[in-house]
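Okay, so here's the structure we're looking at.
The values are calculated or read from the model by the stated rules, or taken from the named source; none is laboratory data. Being a predicted model, the structure only gives us computed values, none of them experimental. Reconstructed Cβ throughout: ideal geometry from the backbone, glycine too, with neighbour counts over all protein chains shown.
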Amino acid sequence: PGYPPIDFRAALNDEQFNAVTAPPGPLLVLAGAGSGKTRTLTYRVAWLLHQGVPPGEIMLLTFTNKASKEMLHRVHDLTGEDARRFWGGTFHSLGNRALRMFGESECLKLKPNFTILDAGESESLMKRTVEAEDKLFFKDKTNPKPGPLFNVISLSRNTQKSLAETVSEHFPQYNDIAVALPTFAKVYAEAKREQNVLDYDDLLELWLKLLTEDPKVADYFGNRFRHLLVDEYQDTNTIQSQIIDALAPHHRIMAVGDDAQCIYSWRGADFANIMTFPERHPNTALHRIETNYRSTPQILNLANGVLEAQPAGRHFDKELRAHRANSMKPYVVQTMDDREQAEFLVKRIRSLVEDDGVSPNEIAVLYRSHFVALETQLTFSRTGVPYQITSGVKFFERQHVRDLVGILRFIYNPTDESAWHRIACLLPKVGEKSAHKIYHAALDHARLMQQDFIDALTTDDVKSKVPKGAKDEWPSFCASLRQTADAMREEPPQVTVEVAMDGWYGDYLKGAYADYMDRIDELTALSGFAARFDAMQDLLAQIVLLNGETSDRAVEPNQEAIKLTTIHQAKGLEYDIVFVIGCADGLFPGRRAIEANDVEEERRLFYVAVTRAKNELYLCYPKIATKAGPGGMLLTPSRFLQELDPSLYDALRIKRAHGW
Ligand code: ATP
Ligand code: MG
């Protein structure tokens, strides 16, 4: 109806065309990376419009809001249709929209002016409600702190499993307190209700409740949205898959996914949802696409090799055929250490940009965890390579890195009151005001008695200023400052960093963050960085300078820059040139996956990484770990590399070109 003609045959291959033009009904498109799944969804929307379906009847569920915007933008290019007339976005954003419309329903009785708590606010609310229920709970060091507690309850909501099951399957370390959890979940839920606030999980949970308990709402969605399209279906968790099913009693769903790319099971994603889709939606038409349009045959062969190494049975067999012309093989690049790895990137990137005319925007450096990228960030800053971190925060701006640097700064210069505030406020119940009081009490005492500031902290005068809630932790806090100060006087900076992170702050991390192990890895990277300095003042000065430098270099939105990103955040995206760094056992797959003897999700992550590359792929690993210092720790190449047939890549060994 009034749309410009589109040559669907020319834009799509036969497999894609058949999926795009299939009659309405349950459609499952299962295909490997880069085979045009997202493209198929986009053309499906255009096709539906061509069939006379009004845009208001189409709902598009994607993994990020940005992905949905891009797809609808493309639909706009194809048809001229106004993207705002579709419902498109993430489960959370559409859940929010649904609750704004129907929150007052009898089954929810939300007041219309409800607000949404962010993750930090949700955790503090949980902390307050649990404390009101059990004053001593967080006092006991063996109990989880509010963050981890929140994660357990959240995972059980997302997987729709009982708290008992969630604990025994995912958090056996909390077995002892499992019985208390239902009560905690309940008081937290009551507090939200009283305050008329929702957390992220509510956006899904309450949307599902509306759909299943209020027939009016179910009718509204069922009648209004006659066509549902879902990208990255392999990463939906139980509650999301139930929402999809409840939204589409008519079964007109097109779901596209790749079980080999399921990388969110730690957040409850379950690719069993793909396997059971045909059971839940009778007469599902299964479509497969076997041509890959993204990558060169050589990159694809390597990707296929990664999948072949999977143990049999837990996946659909998939072999991708390349559409593109032959090119060069991927490189496996061995360097001496992290610094050299970063140097290699700089050299190679310079030559790609300056000699080959590649746009920096088309180059990505991918890694499994943030800490692996520290050296790359430092080297790019130092050598002026423009870069953009598309996921997360720059290394030295991360909370725990700033905390630890705060500890070092304070001990180096106890008159630095802002450093004191940063660390003192980490203690329970200590805010700016009490931090200030404690500080000045200690300062007065130290002056009067001509005593060391840190020793003054343990005197009765000062202790009386410490809020009750912090009294238990106070001795270990002070002892740890003392040890760190002693180390700073006698040991090199690297040892000082290690002493600081092993003390009170290490315990704090454990309690404060469910992902504390990753954060400890990052602090270990900081200690590796400290190994380059003989004096603490040089280390601290360098960190300040780097911070200034990195923010100076913060690129304008449209300035061209290399993308630095975790693999999770690169999902669905593609780049001309991809460097995967840190491909060594213990880094990728990570140490904990190896210890738990479960590397399959990591292997899928590796598959996601290599399939982002269109033209050139570099898999890099250092021979010596960051922690190095004197002596160092030898690494072996990732098992994912070792499993590959060596004919799939060219091996490069970079010899140290010059010293530092
Ligand atoms: P992923 O699994 O990584 O999400 P995908 O299956 O969604 O990948 P797309 O991103 O849709 O794949 O497509 C990969 C690339 O191949 C895109 O650049 C897309 O434009 C191109 N492509 C896909 N199909 C065709 C086709 N029939 N003709 C030309 N180019 C195509
Ligand atoms: Mg895609």
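Provide a single number: the residues in segment 1-25 that are outside any loop (DSSP other than H, G, I, E, B) and of a type in the set (A, V, I, L, M).
Step one: of segment 1-25, the residues outside any loop (DSSP other than H, G, I, E, B) are 8-11, 14-20.
When the remaining residues are screened for being of a type in the set (A, V, I, L, M), the result is 10-11, 19-20.
Number satisfying all stated conditions: 4.
Given the conditions (1) surrounded by fewer than 21 Cβ atoms within 10 Å (Cβ to Cβ); (2) part of a helix (DSSP H, G or I), report the number of the one that VAL130 does not fulfil.
Condition (1) is where VAL130 drops out.
Under the condition of being at pLDDT 85 or above and not aromatic (Phe, Trp, Tyr), which residue from segment 379-401 is surrounded by the most Cβ atoms within 10 Å (Cβ to Cβ)?
The qualifying residue surrounded by the most Cβ atoms within 10 Å (Cβ to Cβ) is VAL401.
Out of ASN273, ASN283, I need the residue that is of a type outside the set (A, V, I, L, M, F, W, C) and either surrounded by fewer than 17 Cβ atoms within 10 Å (Cβ to Cβ) or part of a loop (DSSP other than H, G, I, E, B) (or both). Which one?
Just a single option satisfies the conditions, and that option is ASN283.
So the check is Cβ under 9 Å with 6+ separation or different chains; which pairs have a first residue in segment 17-40 that's closer than 22 Å to PRO282 by Cβ and away from ligand 1 (no atom under 12 Å from the Cβ) and a second one that's assigned to a helix (DSSP H, G or I) and of a type in the set (Gly, Ala, Ser)?
Pairs that qualify, where the first residue is closer than 22 Å to PRO282 by Cβ and away from ligand 1 (no atom under 12 Å from the Cβ) and the partner is assigned to a helix (DSSP H, G or I) and of a type in the set (Gly, Ala, Ser), are LEU27/ALA19.
Taking segment 124-144 on its own, how many of its residues are touching a residue at least 24 places away in the same chain (Cβ under 8 Å) and either within 22 Å of VAL197 (Cα to Cα) or in contact with a strand residue (DSSP E or B) (Cβ under 6 Å, 6 or more places away or on another chain) (or both)?
The total comes to 7.
Answer with yes or no whether ALA260 is within 16 Å of ligand 2 (Cβ to nearest atom), aliphatic (A, V, I, L, M) and assigned to a helix (DSSP H, G or I).
Details: within 16 Å of ligand 2 (Cβ to nearest atom): yes; aliphatic (A, V, I, L, M): yes; assigned to a helix (DSSP H, G or I): yes.
Answer is yes for this residue.
Tell me whether segment 26-47 contains one or more residues that are part of a loop (DSSP other than H, G, I, E, B), away from ligand 2 (no atom under 15 Å from the Cβ) and at pLDDT 95 or above.
yes
Go over the candidates ASP507, ASP472 one by one and state the one that is over 29 Å from the mean Cα position of the chain (by Cα) and either assigned to a helix (DSSP H, G or I) or not aliphatic (A, V, I, L, M) (or both).
Of ASP507, ASP472, the one residue that is over 29 Å from the mean Cα position of the chain (by Cα) and either assigned to a helix (DSSP H, G or I) or not aliphatic (A, V, I, L, M) (or both) is ASP472.
What residue, among those in segment 580-599 that are part of a helix (DSSP H, G or I) and under 18 Å from the mean Cα position of the chain (by Cα), is nearest to ASP338 (Cα to Cα)?
ARG591
Of the residues ARG409, ARG422, ARG447, which is in contact (Cβ under 8 Å) with a residue 40 or more places away in the chain and either in a helix (DSSP H, G or I) or farther than 23 Å from ALA487 by Cβ (or both)?
Only one candidate qualifies: ARG409.
Here's the yes/no breakdown for (1) modelled with pLDDT under 90; (2) under 14 Å from GLU232 (Cβ atoms); (3) of a type in the set (Asp, Glu):
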{"site": "LEU60", "(1), (2), (3)": "no, yes, no"}
{"site": "THR64", "(1), (2), (3)": "yes, yes, no"}
{"site": "GLY80", "(1), (2), (3)": "no, no, no"}
{"site": "ASN96", "(1), (2), (3)": "yes, no, no"}
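Could you tell me whether ALA561 is surrounded by 15 or more Cβ atoms within 10 Å (Cβ to Cβ) and modelled with pLDDT under 95? Don't jump to the end; show me each part of the working.
Details: surrounded by 15 or more Cβ atoms within 10 Å (Cβ to Cβ): yes; modelled with pLDDT under 95: yes.
So ALA561 passes the test.
Would you please name the residue that is nearest to ligand 1 (Cβ to nearest atom), looking only at residues in segment 188-229 that are in a strand (DSSP E or B) and over 30 Å from GLU121 (Cα atoms)? Give the steps one after another, and end with the answer.
Applying the first criterion (in a strand (DSSP E or B)) to segment 188-229 yields 197-198, 227-229.
Next cut, over 30 Å from GLU121 (Cα atoms) only: 227-229.
Numbers: HIS227: 19, LEU228: 18, LEU229: 13 Å.
Residue satisfying both the conditions and the ranking: LEU229.
Name the pairs: first residue in segment 319-346 and farther than 17 Å from PRO622 by Cα and touching a residue at least 12 places away in the same chain (Cβ under 8 Å), second residue aliphatic (A, V, I, L, M) and assigned to a loop (DSSP other than H, G, I, E, B), Cβ to Cβ under 9 Å, at least 6 apart or on different chains?
Cβ pairs passing all conditions: LEU320/ALA33.
Of a type outside the set (Lys, Arg), within 22 Å of THR566 (Cβ to Cβ) and either assigned to a loop (DSSP other than H, G, I, E, B) or without any contact (Cβ under 8 Å) to a residue 60 or more places away in the chain (or both): does that describe VAL358?
Working: of a type outside the set (Lys, Arg): yes; within 22 Å of THR566 (Cβ to Cβ): no; either assigned to a loop (DSSP other than H, G, I, E, B) or without any contact (Cβ under 8 Å) to a residue 60 or more places away in the chain (or both): yes.
Answer is no for this residue.
For segment 402-443, give me each residue that is surrounded by fewer than 18 Cβ atoms within 10 Å (Cβ to Cβ), modelled with pLDDT of 90 or more and among the acidic types (Asp, Glu).
Selection gives nothing.
Does LEU404 fit the bill of being in contact with a Phe, Trp or Tyr (Cβ under 7 Å, 6 or more places away or on another chain), in contact (Cβ under 8 Å) with a residue 40 or more places away in the chain, closer than 19 Å to SER476 by Cα and aliphatic (A, V, I, L, M)? Reasoning before the result, please.
On the way: in contact with a Phe, Trp or Tyr (Cβ under 7 Å, 6 or more places away or on another chain): yes; in contact (Cβ under 8 Å) with a residue 40 or more places away in the chain: yes; closer than 19 Å to SER476 by Cα: yes; aliphatic (A, V, I, L, M): yes.
The answer is yes for LEU404.
Answer yes or no as to whether LYS69 is in contact with a strand residue (DSSP E or B) (Cβ under 6 Å, 6 or more places away or on another chain) and within 16 Å of ligand 2 (Cβ to nearest atom).
Details: in contact with a strand residue (DSSP E or B) (Cβ under 6 Å, 6 or more places away or on another chain): no; within 16 Å of ligand 2 (Cβ to nearest atom): yes.
The answer is no for LYS69.
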